[in-house]
Amino acid sequence: MIYEHNDRLKELRYKVYTIDEVREALASAKEKLFPAEENVRILSNLRDKERSDVESYEGGNISSFFHSLVGRKEEKLEKEREEMYDAESRYNMAVYELNNIEINISRKEEELRELLMMTEEYNTLISDKRRMLGSTGRDMGEFILMEENMKILSSRMEYLADLISHTETTLSVTDELLKNMDEAEYWAERCTRGGKNKATWSEIDGRDTATNAVYEIAPKVGEMVGILNEKLVDSGFEGVTEIELDMEMYSFKDPAWELFYGHRSLLWDIQAVNETTRNFRSTVSAILDRAKTELAEKTAEYTDLKMKYEDMVIDA
């Protein structure tokens, strides 16, 4: 009874582990789809234009009349037809390539569906045989140890995936903040070119518009930092416990300070905050790199352990 699944398990064993290759091939094929569709659209328009040119010339347009006067109508018509045939040939080739891509996508999608069903069946059979092995009274210590290790790895992988997702979101919001910081710094620098308190209204408006955008976005970054710090508690990354970012600095200096020292004081303030924000981004980016590296390592370790575990189940 215990071994009745083995033939089917061995049959499925190496098929189910090709699923990632099929997914990658499908993704690669889909990346080619839009460019191919766009190429067909462009060449379709070109083909229609060349057809129209030939029909118009054959119908006796002004160009045709002119060339008939100088005795070059047939020569010109032949050239127009050659351009039309070339456009049609290029269009037909593009359609052929698009059809091949669509067929490839369809085949890969079907292959993926079949592999997903095989994977479900394979996992069910592995679980069934594992339960049957446990009911025989044999020593299952090694099995249990590997199962616990897989649970630990799986839990860490889930945590890292969540950390990566949140870190990427934090970087995205920070990039939006930096874009407006750069804009604010540009206009603040423009405001200093005419000397103390001699900026134009358009320059002041450009600077104030950008700084107002900073005021709106900065709290979003602060919120993301708070959540990120909560997640970093369990990161286990050496030297990383909490990220600090003083949100009050994004209010910049009091307007009265600017009136006393001129526009340059605000420029200095914006430049300092911009540098601090970029340093913060570098810190978050480094955390993202560490998380991605560890996730890749843990994924490989989990896959290797899972394959060894399944081999034990099948060979038992």
Item to complete: Can you work out which of the residues in the range 75-115 that are among the small types (Gly, Ala, Ser) and out of contact with any helix residue (DSSP H, G or I) (no Cβ under 8 Å at 6 or more places or on another chain) is modelled with the highest pLDDT?
Response: Ser106
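Per-residue answers, yes or no, for (1) β-branched (Val, Ile, Thr); (2) modelled with pLDDT under 90; (3) part of a helix (DSSP H, G or I):
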| residue | (1), (2), (3) |
| --- | --- |
| Asp182 | no, no, yes |
| Tyr186 | no, yes, yes |
| Gly195 | no, yes, no |
| Glu203 | no, yes, yes |
| Gly206 | no, yes, yes |
| Ala210 | no, yes, yes |
Worksheet item: Name the residues in the range 14-31 that are closer than 14 Å to Asp311 by Cβ and surrounded by 16 or more Cβ atoms within 10 Å (Cβ to Cβ), would you?
Response: Val16, Tyr17
Item to complete: Could you please let me know if Leu267 is assigned to a helix (DSSP H, G or I), surrounded by 12 or more Cβ atoms within 10 Å (Cβ to Cβ), modelled with pLDDT of 85 or more and not acidic (Asp, Glu)?
Response: no
Worksheet item: Across the range 97-152, which residue is surrounded by the most Cβ atoms within 10 Å (Cβ to Cβ) among those that are of a type in the set (Lys, Arg) and in a helix (DSSP H, G or I)?
Response: Lys129
Worksheet item: Pick from the range 214-249 the residues that are of a type in the set (S, T, N, Q) and part of a loop (DSSP other than H, G, I, E, B): which of them is modelled with the lowest pLDDT?
Response: Thr241
Discussion item. Tell me yes or no: at least one residue of the range 218-226 is farther than 27 Å from Glu158 by Cα and either in contact with a helix residue (DSSP H, G or I) (Cβ under 9 Å, 6 or more places away or on another chain) or aliphatic (A, V, I, L, M) (or both).
Written reply: yes
Worksheet, complete the sentence: Subset of the range 50-74, residues at pLDDT below 65 and assigned to a helix (DSSP H, G or I), comes to Glu58, Ile62, Ser63, Ser64, Phe65, Phe66, His67, Ser68, Leu69, Lys73, Glu74
Discussion item. Being assigned to a helix (DSSP H, G or I), assigned by TED's automatic domain parsing to the domain that holds Glu120 and modelled with pLDDT of 90 or more is the requirement here; does Asn6 meet it?
Written reply: no
Worksheet item: Are there any pairs with C-beta distances below 9 angstrom linking a residue in the range 24-41 that is assigned by TED's automatic domain parsing to the domain that holds Met93 and in a helix (DSSP H, G or I) to a residue that is of a type in the set (S, T, N, Q) and at pLDDT 95 or above, with the two at least 6 apart or on different chains, and if so which?
Response: Ala25/Asn104; Leu26/Asn104; Ala29/Asn104; Lys32/Asn104; Ala36/Asn100
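The values are calculated or read from the model by the stated rules, or taken from the named source; none is laboratory data. Since the model is a prediction, treat every value here as computed from it, not as a measurement. Note that each Cβ is placed from the backbone with ideal geometry, even for glycine, and that neighbours are counted across all protein chains shown.
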